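What follows is a short report on a single structure.
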Amino acid sequence: MKLCLVVDDSKVIRKVARRILEELSFEIEEAVDGQDALEACERNMPDVVLLDWNMPVMDGLEFLKSVRARADFTQPVVVFCTTENDMAHIRTAIEAGADEYIMKPFDREIIEAKFVQVGLI
Amino acid sequence: MRTEDFEFLAKTLKERSGLMLTPDKVYLLESRLTPLARKSGLDTLEALVQKLRVHGDQGLIRDVTEAMTTNESFFFRDNTPFDLFKGKVLPAMEKARGTRKRLRIWCAAASTGQEPYSLAILLRESWFKWRDWNIEIIGTDISTQVLEKAKAGTYSQFEVQRGLPIQLLIKYFAQEGDVWRLNDDIRKMVTFRSFNLLDNFFSLGTFDVIYCRNVLIYFDQATKTLVLERMAKCLAKDGTLFLGAAETVLGITDVFRPVRGQRGMYVGSDGDAEKIMGLNQ
Ligand SMILES: C[S@@+](CC[C@H](N)C(=O)[O-])C[C@H]1O[C@@H](n2cnc3c(N)ncnc32)[C@H](O)[C@@H]1O
């Protein structure tokens, strides 16, 4: 089973994402912000991170840059999942090393399609 | 709904578009045609059927037919038919058509355009090979409503997230408020026209590749056979046909045969497409 780290400061979103991803046979861990997510990666590196952008303490972009800068990490696939839905944000995320980008609101079909695209399903 | 009304509608739809309606689809007729009846100033579905019966109103028959089509589509749907296009069909055609440099592709149930545009995007991704070719991508559909949307090339946030890799969104789309518009370069590669698969195919010419996906499922056996046999006549001898994931030629016609190990891909029974694509026969 592949491990997906769901990073979002909203409990509701984490719950929805968890339900969808568990149905797609992923094991789930949750983190509430970028800092929390980094610590989770240090403990147990996930195969994929589903990553919100705007979060307190450390936002998604900062988290992504920190992860991509770490030579000691086995690099996970990172899929942004955010309400930021303009081209400028999308480009910034991809340039910083995101593999895919989901614009909220999302549903099962979108998550599934994106995870297929990055080769996780 | 009265049985005779159902039967009348089912018969009309089958004649017009090939759509097969079994009695368990009454709910579908009711949910799609009741709004249409209201829009036409009629109170009930019965009144709509009455109008069709008595006046044979052609415009209304067309609206009813269009309302009953299922138009769902998405970019790179099912992936495989597009991977095969890129990995097998294009390399073979590059050689086989290398002298004339002409390629004709037909999406026979193009709906809102995602299928022909996905093919156009794939060609664009290796444009250095194709820039001096004469490439036609023709998208046809019975429904003029979906063709309008296809021509506009604008898609909702939801639509661009189903199947379209983000890199391709960045590269080929521009954001306009709530919608995403496909760049003119790609839009110009595809021509859309209205065409009913029940009509004869003479006006279309010959194609090298045909995508006829997720439309035959709505037809009965005899109509499937008719359409596929006409299609065989307008496909080049070394051409390729792609059907939807739930569709096949097996048990329907022997003018095409499935390509072993390649899902959804078919070639003419007397053709040599597999050889030029280097596929096992
Ligand atoms: C489900 S869509 C398929 C779209 C696309 N090929 C795909 O696979 O995503 C089916 C389309 O077939 C069209 N259609 C149905 N009957 C037809 C007919 N007799 N002639 C041409 N198009 C037809 C419908 O209008 C609809 O847009």
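Can you go through B:PHE242, B:PHE207, B:PHE219, B:PHE256 and tell me which one is buried (at least 18 other Cβ atoms within 10 Å of the Cβ), of a type outside the set (Ser, Thr, Tyr), within 16 Å of the ligand (Cβ to nearest atom) and more than 14 Å from the chain's Cα centre (by Cα)?
B:PHE207
If I ask for residues that are within 15 Å of the ligand (Cβ to nearest atom) and in a helix (DSSP H, G or I), which ones from the stretch B:12-24 would you list?
Correct list: B:THR12, B:LEU13, B:LYS14, B:GLU15, B:ARG16, B:SER17.
Could you please find all residues in the stretch B:134-167 being of a type in the set (A, V, I, L, M) and touching a residue at least 60 places away in the same chain (Cβ under 8 Å)?
Correct list: B:ILE138, B:ILE142, B:VAL146, B:VAL160, B:LEU164.
From the set of residues in the stretch A:69-95 that are more than 10 Å from chain B (Cβ to nearest Cβ) and crowded, with 17+ Cβ neighbours inside 10 Å, which is farthest from B:ALA174 (Cα to Cα)?
Result: A:PRO76.
Which of the residues spanning the stretch A:96-107 are away from chain B (no Cβ under 11 Å) and more than 13 Å from the chain's Cα centre (by Cα)?
Correct list: A:ALA96 only.
Are any residues in the stretch B:187-202 more than 15 Å from the chain's Cα centre (by Cα), more than 19 Å from B:LEU241 (Cβ to Cβ) and not in a loop (DSSP other than H, G, I, E, B), and if so, which ones?
B:ARG187
Test B:TYR266 against the criterion of being within 14 Å of the ligand (Cβ to nearest atom) and assigned by TED's automatic domain parsing to the domain that holds B:GLN161, and give yes or no. Spell out how you get there, then give the answer.
On the way: within 14 Å of the ligand (Cβ to nearest atom): no; assigned by TED's automatic domain parsing to the domain that holds B:GLN161: yes.
So B:TYR266 fails the test.
Given the conditions (1) in contact (Cβ under 8 Å) with a residue 60 or more places away in the chain; (2) touching a strand residue (DSSP E or B) at 6+ places or on another chain (Cβ under 9 Å); (3) within 14 Å of chain A (Cβ to nearest Cβ), report the number of the one that B:PHE74 does not fulfil.
Against the list (1) in contact (Cβ under 8 Å) with a residue 60 or more places away in the chain; (2) touching a strand residue (DSSP E or B) at 6+ places or on another chain (Cβ under 9 Å); (3) within 14 Å of chain A (Cβ to nearest Cβ), B:PHE74 comes up short only on (2).
Assuming B:GLN145 fulfils every condition listed in (1) surrounded by fewer than 20 Cβ atoms within 10 Å (Cβ to Cβ); (2) within 22 Å of the chain's Cα centre (by Cα); (3) more than 10 Å from the ligand (Cβ to nearest atom) apart from one, which condition is it?
The one condition B:GLN145 does not meet is (3).
What do you reckon, is B:LEU235 within 16 Å of the ligand (Cβ to nearest atom) and either away from chain A (no Cβ under 14 Å) or surrounded by fewer than 14 Cβ atoms within 10 Å (Cβ to Cβ) (or both)?
no
Can we say B:THR65 is within 15 Å of the ligand (Cβ to nearest atom), touching a Ser or Thr at 6+ places or on another chain (Cβ under 6 Å), in contact (Cβ under 8 Å) with a residue 12 or more places away in the chain and within 30 Å of B:LEU164 (Cβ to Cβ)? Please lay out each step first, then the result.
Values: within 15 Å of the ligand (Cβ to nearest atom): yes; touching a Ser or Thr at 6+ places or on another chain (Cβ under 6 Å): yes; in contact (Cβ under 8 Å) with a residue 12 or more places away in the chain: yes; within 30 Å of B:LEU164 (Cβ to Cβ): yes.
Spelling it out, B:THR65 is indeed within 15 Å of the ligand (Cβ to nearest atom), touching a Ser or Thr at 6+ places or on another chain (Cβ under 6 Å), in contact (Cβ under 8 Å) with a residue 12 or more places away in the chain and within 30 Å of B:LEU164 (Cβ to Cβ).
Against the condition within 16 Å of the ligand (Cβ to nearest atom) and over 19 Å from B:LEU103 (Cα atoms), how does B:ARG230 come out, does it pass?
yes
Let's see how each residue does on (1) more than 10 Å from chain B (Cβ to nearest Cβ); (2) without any contact (Cβ under 8 Å) to a residue 40 or more places away in the chain; (3) aliphatic (A, V, I, L, M):
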site: A:ALA31; (1), (2), (3): yes, yes, yes
site: A:GLU42; (1), (2), (3): yes, yes, no
site: A:GLY60; (1), (2), (3): yes, no, no
site: A:VAL118; (1), (2), (3): no, no, yes
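When you go through (1) within 22 Å of the chain's Cα centre (by Cα); (2) within 22 Å of B:PHE195 (Cβ to Cβ) one by one for B:LYS88, which number turns out not to apply?
If we test B:LYS88 against (1) within 22 Å of the chain's Cα centre (by Cα); (2) within 22 Å of B:PHE195 (Cβ to Cβ), just (2) comes out false.
Loosely packed, with under 14 Cβ neighbours inside 10 Å and either of a type outside the set (Phe, Trp, Tyr) or under 20 Å from B:ILE135 (Cβ atoms) (or both): does that describe B:ASN200?
Taking the combined requirement at face value, the residue satisfies it.
Taking the criterion of being in contact with a Lys or Arg (Cβ under 6 Å, 6 or more places away or on another chain) and among the β-branched types (Val, Ile, Thr), would at least one residue in the stretch A:6-23 satisfy it?
There is at least one residue in the stretch A:6-23 that is in contact with a Lys or Arg (Cβ under 6 Å, 6 or more places away or on another chain) and among the β-branched types (Val, Ile, Thr).
Restricting attention to strands (runs of 3 or more DSSP E) lying wholly within the stretch B:100-162, give those where 1 or more residues are within 14 Å of chain A (Cβ to nearest Cβ).
On the way: elements: B:102-107, B:134-141, B:154-156.
Correct list: B:154-156.
The values are calculated or read from the model by the stated rules, or taken from the named source; none is laboratory data. Computed from a predicted structure; not experimentally measured. Note: ideal-geometry Cβ built from the backbone for every residue, glycine included; neighbour counts use all protein chains shown.
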